[in-house]
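The values are calculated or read from the model by the stated rules, or taken from the named source; none is laboratory data. No experiment lies behind these values; they were computed from the predicted model shown. Cβ sites come from the backbone with ideal geometry, for glycine too, and all protein chains shown count toward neighbours.
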Amino acid sequence: MKKGNKRLIISLVIVALLYAGGCLIEQTAGTKSMVVTVLQKGAVYALIAVSMNLLNGFTGLFSLGQAGFMLVGAYSYAILTIPMAKRAAVYQYYNGGWVQFTVGFLPALLVAGVIAALFAALIGMPVLRLKGDYLAIATLGFAEIIRAIVQWDTIGPLTNGSNLLKTYPTLKNIMPGNTVLFTFIVVGVCIGLILLLINSTYGRAFKAIRDDEVAAEAMGINLFHHKQMAFVISSFFAGIGGALLAMYQGSLQANSFKSSMTYEILLIVVIGGMGSVSGSILASFLFIACSEWWLRFLDAETVLGNFKVPLLAPGFRMVVFSVVIMVVVLFFRKGIMGDRELWELGSRRAAKGGRK
Amino acid sequence: MSLLKVTDLVVSYGGIEALKGISFEVEQGQIVTLIGANGAGKSTTLRTISGLVPPKDGRIYFEGRDITDLNTQKIVETGIAMVPEGRRVFANLSVLENLRIGAYLRKDKEAIEEDINYVYDLFPRLKERSWQLAGTLSGGEQQMLAVGRAVMTRPKLIMMDEPSLGLAPLVVKDIFKIIQTLKETGMTVLLIEQNANAALHACDYAYVMETGRITTSGTGDELLASETIQEAYLGKTSKK
């Protein structure tokens, strides 16, 4: 027990240092620098990836509906927080829209999660009776349906149809100059809650369901109840993640929440390791850094002296990126972390697959 | 009054009757075994009692209470634990976590800790491997863990589905010793076995199943002495 406490303190200190580091980088490099973009978007993706890992890695439910729940969260947040004065301009095609009130960004973040969770509870009832690939197909389908409905003209006064939602509070104007700190705090609290859940009795039941459904049921674990719980909680945090993504982007359009976004997150979860929270976090930052920053030079036409470097053209970045991912998947079969956590690496037994 | 009483149980899988109306009783504190060939309906019987498969007809009584329509969770709560066929331990959880899953429905924290120690006393091998992932244990150790996990639910009746399946003969001996120990601590055991010889030696009472029906019953010694049983299940040919 004492050893556990010591570990906890060390972990907290490291987290605090990382927060301070992120903060410092923003102060020195400026909010518009590439590092800060990577830190912001990486943190948002980390939360979404961990929420997906809770479902796919810890409960063994192969769900591909994450983009749908992010969309619900993002839209809920934006619709609730657009200032009254600007509603007429944003909803210009719909006479200023139906919603005629504004709430603060913190309650809106929470409500975004709750609404996403409600959607999950409704969708989960029919869908969670399916298993494996069928579940994946059904959740993917529902995510696409959500995206189509949001763009439906009839509910345009609520969602602004296929037009942009904008002028809601974004990262830049909530805590100017401290955007990284704000993102880190929200994401940190959410991931902390997920970690507490995973290490509770419920988390253990989730893992039991993942390992063997029949045996879990024979032990008296109510399968549907627990699957529904994992699904709803995962979607709650995906909703908050979506809202944070909306804050990061500054404007919002349903069309950007395509299934390819779910695949990106699935990729992060797989690369980080199914069943490893720290793996998902690590992989998010690496993924975002690669796709947004480190490989950017590949998109620019480069001329060295009189020699024009071949292949370097807009879009080539994605080719190299795909190859990098293939290499990672080939050499780290179980992802960077497997199903271990960063804080377990120190102990000798962890390497053998146990914990002490 | 018997602890478990099954009357005229009928179970069908999509029109095919796996159980065609079986009745049997398990007395408190005994080891009762169901033996029979593949497809006789032994596993179906256990799965139906634990609520994993709904019966088409018939009733199941536990301590005089009708439990036929309860769900698995409620049935585990009333005190029936199952050790599933093929062990089915949670491979990616540690031994300790597996045991804690067994106590999932219990809220009495201190008693749970006591019971974990009790299981470790029963199986010292598990204690040594407390932090190891269950998937890395040997077959025999996994079987011990599956039994330990069932004991963690504090059952009055423990049902075992083919505990000797796929284990080395020496390990099978150990498993039957464990079953004897469980009986000595006051538990009732309902045992399903293909290894008729070992099961009949261990049990107090036995039922023989054939294609969905119970054909014979008797004490272990009676059945061991019966010629038809010897021919059909113990591999002895009668001299003519």
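Given the conditions (1) buried (at least 17 other Cβ atoms within 10 Å of the Cβ); (2) without any contact (Cβ under 8 Å) to a residue 12 or more places away in the chain, and given that A:Ile9 satisfies all but one, which numbered condition is not satisfied?
It fails just one condition, (1).
Out of (1) in contact (Cβ under 8 Å) with a residue 60 or more places away in the chain; (2) more than 8 Å from chain A (Cβ to nearest Cβ), the odd one out for B:Val89 is which?
The one condition B:Val89 does not meet is (2).
Residues that are surrounded by fewer than 18 Cβ atoms within 10 Å (Cβ to Cβ): which strands (runs of 3 or more DSSP E) entirely in the range B:111-215 hold 1 or more of them?
In the range B:111-215, the matching strands (runs of 3 or more DSSP E) lie at B:205-210.
Within the range B:127-166, which residues are over 26 Å from B:Leu52 (Cα atoms) and more than 13 Å from chain A (Cβ to nearest Cβ)?
Residues satisfying the conditions are B:Lys127, B:Ser138.
Considering (1) more than 14 Å from every other protein chain (Cβ to nearest Cβ); (2) over 18 Å from A:Leu17 (Cα atoms); (3) in contact with a Gly (Cβ under 8 Å, 6 or more places away or on another chain), say which one A:Ile194 fails and leave the rest.
Unmet condition: (3).
Scan the range B:48-65 and tell me whether some residue there is assigned to a strand (DSSP E or B) and either at pLDDT below 90 or within 11 Å of another protein chain (Cβ to nearest Cβ) (or both).
no
Restricting attention to the range B:68-84, which residues are crowded, with 19+ Cβ neighbours inside 10 Å and either part of a strand (DSSP E or B) or more than 7 Å from every other protein chain (Cβ to nearest Cβ) (or both)?
Hits for the range B:68-84 are B:Thr68, B:Ile75, B:Ile80, B:Ala81, B:Met82, B:Val83.
Give the residue that is farthest from the other protein chains (Cβ to nearest Cβ), with candidates limited to residues of the range A:221-241 that are crowded, with 20+ Cβ neighbours inside 10 Å and over 17 Å from A:Ser63 (Cα atoms).
This residue is A:Ile240.
Taking the condition at pLDDT 80 or above, within 14 Å of chain B (Cβ to nearest Cβ) and farther than 21 Å from A:Val15 by Cα, does A:Met274 pass?
yes
Away from chain B (no Cβ under 14 Å), under 22 Å from A:Phe236 (Cβ atoms) and part of a helix (DSSP H, G or I): is that true of A:Leu181 in this structure?
No.
Each row is one residue, and each column tells you yes or no for (1) within 24 Å of the chain's Cα centre (by Cα); (2) buried (at least 16 other Cβ atoms within 10 Å of the Cβ); (3) among the aromatic types (Phe, Trp, Tyr).
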{"position": "A:Ala289", "(1), (2), (3)": "yes, yes, no"}
{"position": "A:Asp299", "(1), (2), (3)": "no, no, no"}
{"position": "A:Lys308", "(1), (2), (3)": "no, no, no"}
{"position": "A:Phe331", "(1), (2), (3)": "no, no, yes"}
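Would you check if A:Ala218 is in contact with a strand residue (DSSP E or B) (Cβ under 8 Å, 6 or more places away or on another chain), within 14 Å of chain B (Cβ to nearest Cβ) and surrounded by 15 or more Cβ atoms within 10 Å (Cβ to Cβ)?
So A:Ala218 passes the test.
Only residues in the range A:151-165 that are aromatic (Phe, Trp, Tyr) count as the first member; pair them with residues that are assigned to a helix (DSSP H, G or I), Cβ under 9 angstrom, at least 6 apart or cross-chain, and list the lot.
If the second residue must be assigned to a helix (DSSP H, G or I), the pairs left are A:Trp152/A:Thr159.
Please find, within the range A:333-356, the residue that is farthest from the chain's Cα centre (by Cα) out of those that are on the phi > 0 side of the Ramachandran plot and modelled with pLDDT of 75 or more.
Checking each candidate, the answer is A:Gly338.
Of all residues in the range A:214-257, which are of a type in the set (Gly, Ala, Ser) and without any contact (Cβ under 8 Å) to a residue 24 or more places away in the chain?
A:Ala215, A:Ala216, A:Ala218, A:Gly220, A:Ser256
Taking the conditions exactly as written (modelled with pLDDT under 90 and within 12 Å of chain A (Cβ to nearest Cβ)), does B:Arg106 satisfy them or not?
Considered against the rule, which asks whether it is modelled with pLDDT under 90 and within 12 Å of chain A (Cβ to nearest Cβ), B:Arg106 comes out as yes.
Out of the range B:92-102, which residues are at the interface with chain A (Cβ under 7 Å from one of its Cβ atoms) and within 18 Å of the chain's Cα centre (by Cα)?
Result: B:Gly102, single match.
Please state which of the following conditions A:Leu298 fails to meet, knowing it meets all the rest: (1) under 17 Å from A:Val327 (Cβ atoms); (2) assigned to a loop (DSSP other than H, G, I, E, B).
Of everything listed in (1) under 17 Å from A:Val327 (Cβ atoms); (2) assigned to a loop (DSSP other than H, G, I, E, B), A:Leu298 misses just condition (2).
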